[in-house]
Amino acid sequence: MGKRRCVVAALAAIMLMMELAALTVAENRRSMLSNGLGMTPPMGWNSWNHFGCNIDEKMIRETADALVSTGLSKLGYEYVNIDDCWAEISRDDKGNLVPKKSTFPSGIKALADYVHKKGLKLGIYSDAGYFTCSRRMPGSLGYEEQDAKTFASWGIDFLKYDNCNNDGSKPTQRYPVMTRALMKAGRPIFFSLCEWGDMHPAEWGAPLGNSWRTTNDISDNWESMISRADQNEIYAEYARPGGWNDPDMLEVGNGGMTKDEYIVHFSLWAISKAPLLLGCDIRNMTRETMDIITNKEVIAVNQDPYGFQAKKVRMEGDQEIWSAPLSGYKIAVVLLNRGPVRYSTTARWDDIGLDPKTVVQARDLWEHKTLKTTFVGNLTATLRPHSCKLYVLKPIA
């Protein structure tokens, strides 16, 4: 009888924790930027990681087509985001940005119309400086209101706003100007602050934007990817519905990492509630890439309505445990082996907020199976080098 009381008490504690979490989400929702966007992390695609400046309207249309034909759009990948190099180097005689005639001859509004007819959304890029990072097109510094109105008139849904070639003033002075401009533009536009984490934008970004970069640009290799995850994790408590930490776009499918490493990449971005913005050529993907980015169970962790970003709850050398509460009284857990050798890694209940006596059912999200054994106190997995397991744990007794 005493054991039964302990189990009931443990479950009651878990339920209380989840109810408090729900209240916190509701409180955060009231205090966020009032454009109603980003209730879950954005999903879609961005041109920069794979294509850089080699972009044109034909490729953007084909990418929109591919998001639909592959079924990615049905999974939530809805943004088609044009990065740097889409505009002429000079504005027109009225000070307006001009789409590059050689690569976007139909203009951006026609492209937005095409994307919208597919049931998708179009994103664009600018910079809180005089020029963008490529120096091939103007930035929006001093033209914030004019550019915001232009973007709205074109039907833009997402703005990535970079931090290059500015006047030396602090981003805390320059970014609010575009926030106010977007709020007056007459169209809800997801505002992605790309300040690179220089002045800890997680600490001041929530009233200004829907996401904020916490890191420098990612590269398609293990060290770059895992270090971005580390830098982003520091700011976990600032993530919330309507405002997300952004460790940069996904490299899955670009060829610089192994399958296990890309699974780690996607798992950490998902449990960290990071934007899931694909950075590969989705017109030409391998089956392996598709299997990773279409994992519905992993996407569901990212899109969980509570919006709690994972924290590292234990670090022992190259072995780490990352954990985040989910709705439905569940917990997402990543067991990660960062090292070069095979290793056994253990997640302990007291590290992830469970009573040690709690009986748990474990769902392996990459194997797509519920483990036959139930677990009490801890769960152990043997991991290959640079690999992980992602489980959703459900207390059952």
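Once backbone amide H atoms are built at 1.01 Å from N, Arg314 has Ile321 as its partners under 5 Å, excluding neighbours fewer than 5 places away on the same chain.
In this structure Ile299 has an accessible area near 10 Å², from a 1.4 Å probe over the protein heavy atoms.
Stokes-Einstein, applied to the Kirkwood radius of region 324-397 over Cα pairs at a viscosity of 1.306 mPa s and 10 °C, places its translational diffusion at 126 µm² s⁻¹. Rounded to the nearest 500, the helix-only mean residue ellipticity at 222 nm of the chain stands at -9500 deg cm²/dmol, with each DSSP H run of n ≥ 4 adding -39,500 (n - 2.57). A simple spin-label model places pseudo-atoms 7 Å from Cα toward Cβ; at Glu237 and Asp93 they are separated by 5.7 nm.
Its alpha carbons considered, the chain gives a radius of gyration followed by a Dmax of 21.8, 82 Å. For the chain, with only Lys/Arg (+1) and Asp/Glu (-1) charged at the beta-carbon, what is the dipole magnitude about the Cα centre, in debye rounded to 20? Computed charge dipole of the chain: roughly 1320 debye.
Between 0 and 90 degrees, the angle of helix 222-233 with respect to the longest Cα principal axis of the chain falls at about 80 degrees. In terms of its C-alpha gyration tensor, region 119-222 comes out rounded, because the ratio a/c of the largest to the smallest axis stays below 1.5.
Given the pairs Lys170/Lys296; Lys117/Lys311; Lys121/Lys312; Lys170/Lys330; Lys100/Lys184, which span a C-alpha to C-alpha distance of over 31 angstrom in this model? Over 31 Å Cα-Cα: Lys170/Lys296; Lys117/Lys311; Lys121/Lys312; Lys170/Lys330.
Helix 144-154 axis versus longest C-alpha principal axis of the chain: approximately 80°, rounded to the nearest ten. With viscosity 0.692 mPa s and temperature 37 °C, the Kirkwood radius over alpha carbon pairs of region 70-160 converts through Stokes-Einstein to a diffusion coefficient of 241 µm²/s.
For a paramagnetic label modelled on Glu316 (point 7 Å from Cα along Cα→Cβ), amide N atoms under 19 Å away belong, within region 366-397, to 375-391. Sequentially through region 106-111, phi angles give Karplus couplings (6.51, -1.76, 1.60; θ = phi - 60°) of 7, x, 7, 4, 5, 5 Hz, Gly and Pro residues having no value and appearing as x.
Listed by chain and number, the lysines whose C-alpha is less than 18 Å from the C-alpha of Lys118, apart from same-chain residues fewer than 8 away, are Lys58, Lys74, Lys109. Under a cut-off of 12 Å between alpha-carbon atoms, report the aspartates and glutamates in cross-link reach of Lys94, not counting same-chain residues fewer than 8 places apart. Those aspartates and glutamates meeting the cut-off are Asp147. Converting phi to 3J(HN,Hα) with the Karplus coefficients 6.51, -1.76 and 1.60 and the offset θ = phi - 60°, region 44-50 yields x, 8, 9, 7, 5, 4, 9 Hz in sequence order, with x at every glycine or proline. Couplings 3J(HN,Hα) of region 324-333, computed from phi: 8, x, 10, 5, x, 6, 10, 9, 8, 9 Hz, in residue order, whole Hz [Karplus 6.51 cos²θ - 1.76 cosθ + 1.60, θ = phi - 60°; x for Gly and Pro].
The values are calculated or read from the model by the stated rules, or taken from the named source; none is laboratory data. Worth saying up front: this structure is predicted, and the values here are computed from it rather than measured. Here Cβ is always computed from backbone atoms with ideal geometry, including for glycine, and neighbour counts include all displayed protein chains. These area figures cover heavy atoms from the full protein model, side chains too; ligands, DNA and RNA do not enter into them. Shrake-Rupley method; radii C 1.70, N 1.55, O 1.52, S 1.80 Å.
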